[in-house]
Amino acid sequence: MSDITTLIIGAGGVSRVVVHKCVQNAEIFGTIVLASRTKKRCDEIKAELSDAKIETTFIDADDTNALIKLIKKVNANIVINVALPYQDLTIMDACIATSTPYLDTANYEHPDEAKFEYKEQWARDAKFKEAGIMGLLGSGFDPGVTNVFCAYAQKHYFDSIETIDILDCNAGDHGYPFATNFNPEINLREVSAKGRYWENGEWIDTAPMEIKMIWDYPQIGKKDSYLLYHEEMESLVKHIKGLKRIRFFMTFGESYLTHMKCLENVGMLGIKEIEHNGTKIVPMEFLATLLPDPSTLGARTKGKTNIGIVATGIKDGVKKSIYIYQVSDHEECFKEVNSQAVSYTTGVPAMIGAKLILEGKWQGKGVFNMEEFDPDIFMEELNKQGLPWHIKEL
Ligand code: NDP
């Protein structure tokens, strides 16, 4: 067992997977300190791993000073942020103040504005450099593995990539009429927002769910796939040279979209405070309280996920397309770590990113996105740690 201390913040669905996977790699991660807003949820995760070295504690991750105290107290070698995107900046600031490497899986969002972008996290690059530490942004599946797939395609298959489509299919069935597979508030904000893609140097907005295509997902079949804005596109347009277009598609069933539309029409997706019988409530937060807790969906979800990228470009003067994708099975994931595949496919890459930082295999000072590093070692780890992938030429 190493003398490393790994501080994991947040104790939801993704955190459960990260903790299980860090314990499977205990020679790298050493002692795990699991800290979150509700300590009971940390203790529930700890109870699943009775032989592991895990300490649990309360933290309010909106409070930078409290975070600084905790990081110093436990002498953390790395902070894995799997709380919510609202906490990214406070946790990054605490890492800067204590010179501790940082990793997250989703980019910063302000609670009062359904808009996500890297601006404020990238703006901390100079401070990370000054503190001599690395911040790895978006080390989940998408963002995360999808960025690594793009870097891998660029390194091994193309002289230049012209177009990328990121294709995200969750064909899992949890048996509820309506539920979200990860934090309902974050999920519903993402899918009810305008669509957006990038072409010839410009961002093009679409109405929500305006652009649809049918894609045949290996091991799943044909599914309606809708164009959404997704955060990895913002960094990929910067880092994949020669790119002319990038789009992101996600599958949704008709029932899910009908529920969403109804909820939107009656104002339940609102993120501004309203008054109800003298009490102030945010409709979206109230809805999240009513919906099934995503971390309880694992036990009842059947089916598969398939997330990948299709890249088209030029190699040795010839135009070609490749498809790199990963398929996970909800029930298999649950058997291994008590979580469904959406949390699994996010938590495993978070652990891998942290492992590569602690091993010094991905190194740097400043704030980085996933595609900026050598993809080969990450791709090898995916095969070893439960997310085997496939490549085919189209
Ligand atoms: P959950 O809602 O299940 O878990 C979030 C956890 O963070 C909860 O334990 C919650 O506490 C805790 N938390 C919230 N606010 C605070 C706070 N102020 N202080 C301390 N802890 C806090 O979310 P998920 O596990 O589904 O998602 C975790 C992250 O992963 C999110 O950022 C999400 O956007 C991201 N994600 C990324 C994906 C990717 O592929 N890149 C895909 C899916 C998710 P409490 O238990 O009290 O509610």
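Restricting the stretch 91-102 to residues that are among the small types (Gly, Ala, Ser) and in a helix (DSSP H, G or I) leaves a set whose member that is nearest to the ligand (Cβ to nearest atom) is ALA94. Restricted to the stretch 149-235, the set of strands (runs of 3 or more DSSP E) holding at least 3 residues that are within 17 Å of GLY313 (Cα to Cα) and not acidic (Asp, Glu) comprises 160-170.
Do you know which residues across the stretch 53-76 are part of a loop (DSSP other than H, G, I, E, B) and surrounded by 17 or more Cβ atoms within 10 Å (Cβ to Cβ)? Passing the criteria: ILE59, ALA61, ALA76. The residue that is surrounded by the most Cβ atoms within 10 Å (Cβ to Cβ), counting only those in the stretch 6-24 that are aliphatic (A, V, I, L, M) and in a strand (DSSP E or B), is ILE8.
Taken together, the criteria exclude LYS69 from residues that are within 11 Å of the ligand (Cβ to nearest atom) and more than 20 Å from GLY353 (Cβ to Cβ). Please work out if ASN147 is within 13 Å of the ligand (Cβ to nearest atom) and over 18 Å from ILE377 (Cβ atoms). Answer is no for this residue. If the condition is being within 15 Å of the ligand (Cβ to nearest atom) and closer than 21 Å to THR100 by Cα, then the stretch 1-20 contributes LEU7, ILE8, ILE9, GLY10, ALA11, SER15, VAL18, VAL19. Of all residue pairs spaced 6 or more apart or on separate chains, those with beta-carbon atoms under 7 Å, a first member in the stretch 263-285 that is under 12 Å from GLU185 (Cβ atoms) and a second member that is in a strand (DSSP E or B) and of a type outside the set (Asp, Glu) are ILE271/ALA114; PRO283/ILE274. Report yes if some residue within the stretch 73-90 is within 14 Å of the ligand (Cβ to nearest atom) and more than 17 Å from the chain's Cα centre (by Cα); otherwise report no. Among the residues of the stretch 73-90, at least one is within 14 Å of the ligand (Cβ to nearest atom) and more than 17 Å from the chain's Cα centre (by Cα), which makes the answer yes. Apart from one condition, ASN369 fits all of (1) out of contact with any Lys or Arg (no Cβ under 9 Å at 6 or more places or on another chain); (2) within 14 Å of the ligand (Cβ to nearest atom); the exception is (1).
For the stretch 301-312, a residue qualifies if it is surrounded by fewer than 24 Cβ atoms within 10 Å (Cβ to Cβ), over 27 Å from PRO85 (Cα atoms) and of a type outside the set (S, T, N, Q), and the qualifying residues are LYS302, GLY303, VAL310. What tally of residues in the stretch 236-252 results from selecting those that are of a type outside the set (D, E, K, R), part of a strand (DSSP E or B) and surrounded by fewer than 23 Cβ atoms within 10 Å (Cβ to Cβ)? So the count comes out to 2. Taking the criterion of being without any contact (Cβ under 8 Å) to a residue 60 or more places away in the chain and not in a helix (DSSP H, G or I), the residues of the stretch 356-373 that qualify are GLY360, LYS361. Tell me, please, whether a residue that is crowded, with 17+ Cβ neighbours inside 10 Å and not aromatic (Phe, Trp, Tyr) can be found in the stretch 197-207. No, there is no match, as no residue in the stretch 197-207 is crowded, with 17+ Cβ neighbours inside 10 Å and not aromatic (Phe, Trp, Tyr). Taking the listed residues LYS155, LYS194, the one that is among the basic types (Lys, Arg), out of contact with any Cys (no Cβ under 7 Å at 6 or more places or on another chain) and over 22 Å from PHE252 (Cα atoms) is LYS155, with no other qualifying. Applying the condition of being of a type in the set (Val, Ile, Thr) and away from the ligand (no atom under 16 Å from the Cβ) to the stretch 25-47 and asking which residue is surrounded by the fewest Cβ atoms within 10 Å (Cβ to Cβ) yields ILE28.
Of all residues in the stretch 18-30, at least one satisfies being of a type in the set (D, E, K, R) and modelled with pLDDT of 95 or more. The residue that is farthest from LEU49 (Cα to Cα), among those in the stretch 313-345 that are touching a Pro at 6+ places or on another chain (Cβ under 8 Å) and either among the hydrophobic types (A, V, I, L, M, F, W, C) or loosely packed, with under 14 Cβ neighbours inside 10 Å (or both), is VAL327.
Within the stretch 254-268, the only residue that satisfies the criterion of being part of a loop (DSSP other than H, G, I, E, B) and of a type in the set (Gly, Ala, Ser) is GLY267. For the stretch 103-125, a residue qualifies if it is touching a residue at least 40 places away in the same chain (Cβ under 8 Å), away from the ligand (no atom under 16 Å from the Cβ) and outside any loop (DSSP other than H, G, I, E, B), and the qualifying residues are TRP122, ASP125. Look at the stretch 181-199: where a residue is within 13 Å of GLU285 (Cβ to Cβ) and a partner is of a type in the set (A, V, I, L, M) and at pLDDT 80 or above, sitting 6+ places away or on another chain with Cβ atoms under 6 Å, you get PRO184/ALA288; PRO184/LEU291; GLU185/MET284; GLU185/ALA288; LEU188/LEU269.
The values are calculated or read from the model by the stated rules, or taken from the named source; none is laboratory data. It should be emphasised that the depicted structure is a prediction, and the values quoted were computed from it without experimental measurement. Here Cβ is always computed from backbone atoms with ideal geometry, including for glycine, and neighbour counts include all displayed protein chains.
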